[in-house]
Amino acid sequence: MKLPRPVIPTLLAATFLGGWEWFVQAGHVNEVLVPAPSHIFKWFYESLANGELLSATCVTMRRLIIGFAIGAALGVPLGALCARVRWIRDTLGVLALGLQTLPSVCWVPLALLWFGQEESAVLFVVVMGTVWAVVIAVQESVLSVQPLYLRAGMTMGSQGWHLWSRVIFPAALPGIVSGMKQGWAFAWRSLMAAEIFVVILSGFGLGSLLHAGRELLRMDQVMGVMAVVVGVGLLADIIFFAPLERWLRHSRGLGR
Amino acid sequence: MSNDKVTTPALTLRNVTKRFEGTAGRVTAVEDISLDVREGEFLVLVGPSGCGKSTLLNLLAGLEHTNEGKILLGEEPVRLPGRDRLVMFQQDALFPWLNVLENVLFGLRLKPGLTEEERLESARYYLSLVGLADKEKARPHELSGGMRQRVALARSLAPNPRVLLMDEPFSALDALTRDQLYGDIQQIFTKRKKTIILVTHNIREAVCLGDRVVLLSPHPGRIREVFEINLPRPRRINDPELASLAAKVTAALSSHLNEGVNS
């Protein structure tokens, strides 16, 4: 007999949560330090009901999307320039490679000095988390476009902007999308770091909610927010990146 | 442009030399090549690997530049790639992000002075000419190698270039598909009277398709001999007369190669 695919994950999750609940209820650990799943669900339900969770998620998502969009909008043309112009690749390209390895939470002190406890400070950190990964992904995927496509395009009279928009960019698109995905993950991490470390006066996001949970010693809230953060990350992949990548692969006949 | 002047060749090569700076030092790919390609002629450049035939084709396409000598298209010097000299590559080079029809339209859309309807009509005409009218919505990866190369042929023919350059477009295909394409190409050539330059290492193929076969020898690439092929069209690759002519070209090639070894 072949089980439907969701059966095993559901059973395992139920077993895990059930075991956890029992372990905590039986008094094997301090309930303040490790809340039972039922408490986390209770917090989840309450904060949904009083609107706190939703408004925090909205604030965070807004920052993430705007910051990511700015980072991508800067990263794509800069990456293309790096691929196109040697001296820019040797300068900006190398800088991007270095800054990509810098955890973007390192930008927080600077951002606070420059922008204050404002929305722009968080956005700056998110942009710094996104842009370098996108620059490098675009540069690499443009450089690895098959020369044959360029030659074919050029002999048909394509050049300049036309060659970029109709040949180079579409050919590099799969790589660019992977880069965007990586940039999105970096942006998400840097945003959480910024929100946890810094009180941003202009809005109370998920990170602030998590931080508040710690100060109140409410581990159900801390773990609940963590679960939401994981959920948002998964959701972005499921509803946006995964279908986009699947469509790209499918329409070009690249694997499954 | 004075196309009606019969005396002007479609393409003129004068003392063309091309060198590359490689890791192993300077390599002369082609040396002192002079050649006239007549309007409406099917010219084949044939020779073993290293004879510079693909380099020569890239020079004609404007994808590479000569070190010495000059190349004229009609009376205009060839400097850059252009719509008047379209290329069919060894791999089909179809764009995987476009469907078959959009691939054929790619070159047509870059040709000014046409309405969208005329472009569509022309693309569909050339797709039917290569027998793929029913595949216009397909993606390149859904087609066989032979079909893809046919789409590439339609794509190169559609903008109606003055010269069609073919860089071993049949070498990656199986023998059956290849024979079929020889027929297609000859039919289109007879119908459209296009100037075609084909590069190949397959001597049979050269004799089957060419009005004139130019034999090149390697290191550096030089013209060794030129054969006029006066067999009637359509020619079949298995024709005995064709086979004996091909044997003659092969013999000439081996004698030139041995000469190179002994000297």
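The values are calculated or read from the model by the stated rules, or taken from the named source; none is laboratory data. Since this is a predicted model, take the numbers as computed values, not measurements. Note that each Cβ is placed from the backbone with ideal geometry, even for glycine, and that neighbours are counted across all protein chains shown.
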Problem - Single match in B:Leu209, B:Leu216 (criterion: farther than 21 Å from B:Glu39 by Cα and among the aliphatic types (A, V, I, L, M)) - result: B:Leu216
Exercise for the section: Determine which member of the set B:Gly47, B:Gly40, B:Gly82 is within 30 Å of B:Gly146 (Cα to Cα) and crowded, with 23+ Cβ neighbours inside 10 Å. Expected result: B:Gly47
Exercise for the section: May I ask you to list the residues in the stretch A:14-27 that are among the hydrophobic types (A, V, I, L, M, F, W, C) and surrounded by fewer than 11 Cβ atoms within 10 Å (Cβ to Cβ)? Expected result: A:Ala14, A:Ala26
Practice task
For B:Phe95, state whether it is surrounded by fewer than 22 Cβ atoms within 10 Å (Cβ to Cβ) and within 14 Å of chain A (Cβ to nearest Cβ).
Solution key: yes
Fill in the blank from the handout: Per the filter on the stretch B:72-100, residues touching a helix residue (DSSP H, G or I) at 6+ places or on another chain (Cβ under 6 Å), of a type in the set (A, V, I, L, M) and in a strand (DSSP E or B) are B:Leu86, B:Val87, B:Met88
Practice task
State all residues of the stretch B:77-89 that are more than 9 Å from chain A (Cβ to nearest Cβ) and either under 23 Å from B:Leu132 (Cα atoms) or modelled with pLDDT of 90 or more (or both); if no residue qualifies, say none.
Solution key: B:Met88
Completion exercise
Here the qualifying pairs (Cβ atoms under 6 Å; residues six or more apart or on different chains; first in the stretch B:127-143 and within 12 Å of another protein chain (Cβ to nearest Cβ); second in a helix (DSSP H, G or I) and crowded, with 19+ Cβ neighbours inside 10 Å) come out as B:Ala138/B:Val100; B:Pro140/B:Arg148
Exercise for the section: Return yes or no: is B:Ala152 assigned to a helix (DSSP H, G or I), small (Gly, Ala, Ser) and either within 23 Å of B:Ala61 (Cβ to Cβ) or in contact (Cβ under 8 Å) with a residue 60 or more places away in the chain (or both)? Expected result: yes
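For residues that are closer than 19 Å to A:Ile176 by Cβ, surrounded by 15 or more Cβ atoms within 10 Å (Cβ to Cβ) and within 19 Å of the chain's Cα centre (by Cα), tally how many sit in the stretch A:39-78. Give the derivation first.
As a first pass, look at the stretch A:39-78 and keep what is closer than 19 Å to A:Ile176 by Cβ: A:65, A:67-78.
Still in the list and also surrounded by 15 or more Cβ atoms within 10 Å (Cβ to Cβ): A:67-68, A:70-72, A:74-76, A:78.
Now restrict to residues that are within 19 Å of the chain's Cα centre (by Cα): A:67-68, A:70-72, A:74-76.
So the answer is 8.
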Completion exercise
Checked against (1) outside the structural domain of B:Glu205 (by TED's automatic domain parsing); (2) on the phi > 0 side of the Ramachandran plot, B:Glu117 satisfies every condition except (2)
Handout entry: Any pair with Cβ under 6 angstrom, 6 or more apart, that starts in the stretch B:20-48 at a residue that is under 18 Å from B:Met166 (Cβ atoms) and ends at one that is exposed (fewer than 14 other Cβ atoms within 10 Å of the Cβ) and not aromatic (Phe, Trp, Tyr)
Key = B:Gly40/B:Lys193
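Going through B:Thr190, B:Thr177, B:Thr200 one at a time, which residue ends up being of a type in the set (Ser, Thr, Tyr) and within 15 Å of the chain's Cα centre (by Cα)?
B:Thr200
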Completion exercise
Those residues of the stretch B:28-55 which are in a helix (DSSP H, G or I) and either under 12 Å from B:Thr12 (Cβ atoms) or more than 11 Å from the chain's Cα centre (by Cα) (or both) amount to B:Thr55
Fill in the blank from the handout: B:Glu64 vs (1) at the interface with another protein chain (Cβ under 8 Å from one of its Cβ atoms); (2) under 18 Å from the mean Cα position of the chain (by Cα); (3) outside any helix (DSSP H, G or I): all pass except (1)
Completion exercise
In the stretch A:60-88, residues that are hydroxyl-bearing (Ser, Thr, Tyr) and not in a helix (DSSP H, G or I) total 0
Handout entry: Failed condition for B:Thr55, given (1) without any contact (Cβ under 8 Å) to a residue 40 or more places away in the chain; (2) touching a Lys or Arg at 6+ places or on another chain (Cβ under 6 Å); (3) among the hydroxyl-bearing types (Ser, Thr, Tyr)
Key = (1)
Fill in the blank from the handout: Of those in the stretch B:101-126 that are under 23 Å from the mean Cα position of the chain (by Cα) and outside any helix (DSSP H, G or I), the residue nearest to the other protein chains (Cβ to nearest Cβ) is B:Leu110
Completion exercise
Residue hits (the stretch A:213-238; under 13 Å from the mean Cα position of the chain (by Cα) and exposed (fewer than 13 other Cβ atoms within 10 Å of the Cβ)) are A:Val230, A:Gly231, A:Leu234, A:Leu235, A:Ile238
Problem - the stretch B:17-61 - residue that is of a type in the set (A, V, I, L, M) and within 14 Å of chain A (Cβ to nearest Cβ) and, of those, nearest to B:Phe170 (Cα to Cα) - result: B:Leu57
Exercise for the section: Find the helices (runs of 4 or more DSSP H) located wholly in the stretch A:106-210 whose residues include 3 or more that are away from chain B (no Cβ under 12 Å) and either farther than 27 Å from A:Phe241 by Cα or out of contact with any Phe, Trp or Tyr (no Cβ under 8 Å at 6 or more places or on another chain) (or both), and list them. Expected result: A:108-115, A:119-143, A:169-197
